[in-house]
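The values are calculated or read from the model by the stated rules, or taken from the named source; none is laboratory data. All values derive from a computational prediction rather than experimental measurement. So basically every Cβ, Gly included, is an ideal-geometry build from the backbone, and we count neighbours across all protein chains shown.
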């Protein structure tokens, strides 16, 4: 038995994969392994961006990351 492994991301509800040149009549068995973390991450992102206040707060935070002078440094040994 031979195997072909390909990792893809679903876009617009479709799974796009490269064409595989197999002889006509070849019997194949396809098994899709779906990573659960992708859906969870998407749900978390959607939740965090679900309100205007959250969206604004996150964008402000990203802008602040570009300004190292605003960083607050903490000595872990003092915690």
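Before moving on, here are some points about what is shown:
For every residue, the table says whether it meets (1) touching a helix residue (DSSP H, G or I) at 6+ places or on another chain (Cβ under 8 Å); (2) surrounded by fewer than 10 Cβ atoms within 10 Å (Cβ to Cβ); (3) modelled with pLDDT of 90 or more.
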{"site": "8", "(1), (2), (3)": "no, no, no"}
{"site": "26", "(1), (2), (3)": "no, yes, yes"}
{"site": "40", "(1), (2), (3)": "no, no, no"}
{"site": "44", "(1), (2), (3)": "no, no, no"}
{"site": "49", "(1), (2), (3)": "yes, no, no"}
{"site": "52", "(1), (2), (3)": "no, yes, yes"}
{"site": "71", "(1), (2), (3)": "no, yes, no"}
{"site": "76", "(1), (2), (3)": "no, yes, no"}
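- Residue-level analysis places residue 34 among those that are at pLDDT below 85 and within 21 Å of the chain's Cα centre (by Cα).
- From the list 24, 64, the lone residue that is free of Cβ contacts under 8 Å to residues at least 12 places away in the same chain and either in contact with a strand residue (DSSP E or B) (Cβ under 9 Å, 6 or more places away or on another chain) or in a helix (DSSP H, G or I) (or both) is 64.
- Test for residue 4: is it in a loop (DSSP other than H, G, I, E, B) and modelled with pLDDT of 90 or more: no
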